[in-house]
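A quick write-up on the structure given underneath.
The values are calculated or read from the model by the stated rules, or taken from the named source; none is laboratory data. Since the model is a prediction, treat every value here as computed from it, not as a measurement. Note: ideal-geometry Cβ built from the backbone for every residue, glycine included; neighbour counts use all protein chains shown. In case anyone asks, the SASA skips ligands and DNA or RNA and just uses the protein heavy atoms, side chains included. Shrake-Rupley method; radii C 1.70, N 1.55, O 1.52, S 1.80 Å.
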Amino acid sequence: MVNMQSLHSFGLNNSAKGVETLSTIEDVEALASFSQPYLILGQGTNTVFVNDYLGHVFKVDIKGVDITKAEIGYRIKVGAGEDWHKLVEHLVSVGINGLENLALIPGSVGAAPVQNIGAYGAEFADYCVSVTCYDVKNHAVTTLDVDACQFGYRDSIFKKTRPQRYVILFVELTLPFQWSPNLNYKGLDHLPDNTDARTVFDTVMSIRQQKLPDPKKVGNAGSFFKNPVIALSHYEKLKQQNPNMPCYVVDDHTVKIPAAWLIDQCGFKGKRWGAVICHQNQPLVLANQGKATGAQLLMAAREIKKTVLQRFDVELENEVRLIGSSGEVTL
């Protein structure tokens, strides 16, 4: 067994049967002949091993950043093993703008399309052209265009398909020559319309550093729950009892409620379950205060989910991937 504590950012002291790195397409193709249970892992910033995993873990570490010019913008092809934040920082530094709102999101480039990562009014799907992956079912390398990726709110075909069918190898993005800042989000809306990308990048970094604990210092997996999307009619009923309830309009019939607000209203901010704490500055984050266990984390998450459902009739869904002995664990 191989200890996984340093291989996932929540830092629970659990193990896996084996860990191997896949650095080339040929390495990934070898999975076709691997008959035992396995899990694909990036940097482990959105995955928590809540028990010993009785299968093998494969870390995709395909590298490379290739930038070319197309008719109306830049095309960027990036290996799945590259670091997402470092990619954003590099592009901004060379004057290729567009991803600055997604600064400081932890994890690898290959993990970005799985969750369709997003923050501050932007998400991965906005810039994706295609994702090249290894299709385990058909034993072939294939490229899925943005529509075939079935992106949704923190969702994609890569997340929906179980058992894991696609192993991401490369992503291809497009960023425009003619850029303007995306400031339509709280925290950025005070910036002037002519703000440059570096200022947006630095502002997003500052906000995230103030709100979210550094996983290198305090074990955590970022936002534990998704922001729930509910019917407008349900929101209007809740609003009558909770006049200060915030929301973001999704369409004419649905709105998105900040999960952090719901959790905070239920009094969980700062609450502990053993060594697991609902973070005192950002209740959307569950953190490891030292020697936390998977049982403590599951207890915390399940209590929060149950309480929010009872009080608001809103069901929270975990954004973090929870891995037990034989695969994913549901709350």
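Using the Karplus relation 6.51 cos²θ - 1.76 cosθ + 1.60 with θ = phi - 60°, the per-residue 3J(HN,Hα) values for the stretch 107-123 come to x, 8, 4, x, 7, 4, x, 4, 8, 6, 3, x, 5, 6, x, 9, 8 Hz, with x marking Gly and Pro. Residues considered: S15, S93, S108. Largest GNM mean-square fluctuation over the chain, using C-alpha springs under 10 Å, is found at S93.
If the cut-off is a Cα-Cα distance under 12 Å, which aspartates and glutamates reach K159, setting aside same-chain residues fewer than 8 apart in sequence? K159 reaches E319, E328. With the cut-off at 30 Å, tell me which of the pairs K69/K137; K17/K160; K59/K186; K86/K271; K239/K306; K17/K291 have Cα atoms farther apart than that. From K69/K137; K17/K160; K59/K186; K86/K271; K239/K306; K17/K291, over 30 Å: K69/K137; K59/K186; K86/K271. Backbone amide hydrogens, once placed in the peptide plane, bring L22 within less than 5 Å of K59, V60, D61, excluding anything fewer than 5 places away on its chain. Computed from phi, the 3J(HN,Hα) profile of the stretch 36-45 under the Karplus parametrisation 6.51, -1.76, 1.60 (θ = phi - 60°) reads 7, x, 8, 9, 8, 10, x, 8, x, 8 Hz, with x in place of Gly and Pro.
The slack in the chain from Y248 to S180, taken as 0.36 nm per residue of separation less the alpha-carbon distance, amounts to 22.2 nm. Taking F177, F224, F151 as the candidate residues, the one with maximal mean-square fluctuation in a Gaussian network model of the chain, Cα springs under 10 Å, is F177. Working note: 222 nm ellipticity from helices only, DSSP H runs with n ≥ 4, each -39,500 (n - 2.57), summed and divided by the residues of the chain, gives -6500 deg cm²/dmol to the nearest 500. Among the listed values (1) 57, 52, 36; (2) 101, 58, 44; (3) 72, 48, 46, the one matching Cα extents along the principal axes in Å as calculated from this structure is (1).
Reported to the nearest whole Å, the Cα centre-to-centre distance from the stretch 99-143 to the stretch 152-211 is 11.
Split the accessible area of the chain by element, probe 1.4 Å, and carbon with sulfur accounts for 47%. Shown in residue order for the stretch 90-106 are the 3J(HN,Hα) couplings computed by the Karplus curve 6.51 cos²θ - 1.76 cosθ + 1.60 at θ = phi - 60°: 5, 5, 4, 5, 9, x, 9, 9, x, 9, 4, 5, 9, 5, 6, 6, x Hz (x for Gly and Pro). GNM, the chain, Cα, under 10 Å: largest mean-square fluctuation among C266, C149, C133? Looking only at C266, C149, C133, the biggest GNM fluctuation is shown by C266.
Accessible surface computed residue by residue for the stretch 234-331, with neighbouring protein chains in place and a 1.4 Å probe, gives 51 Å² per residue. Treating r as the C-beta distance of H85 and A231 and R0 as 45 Å, the FRET efficiency rounds to 0.80. Backbone amide hydrogens, once placed in the peptide plane, bring L39 within less than 5 Å of H56, V57, F58, excluding anything fewer than 5 places away on its chain.
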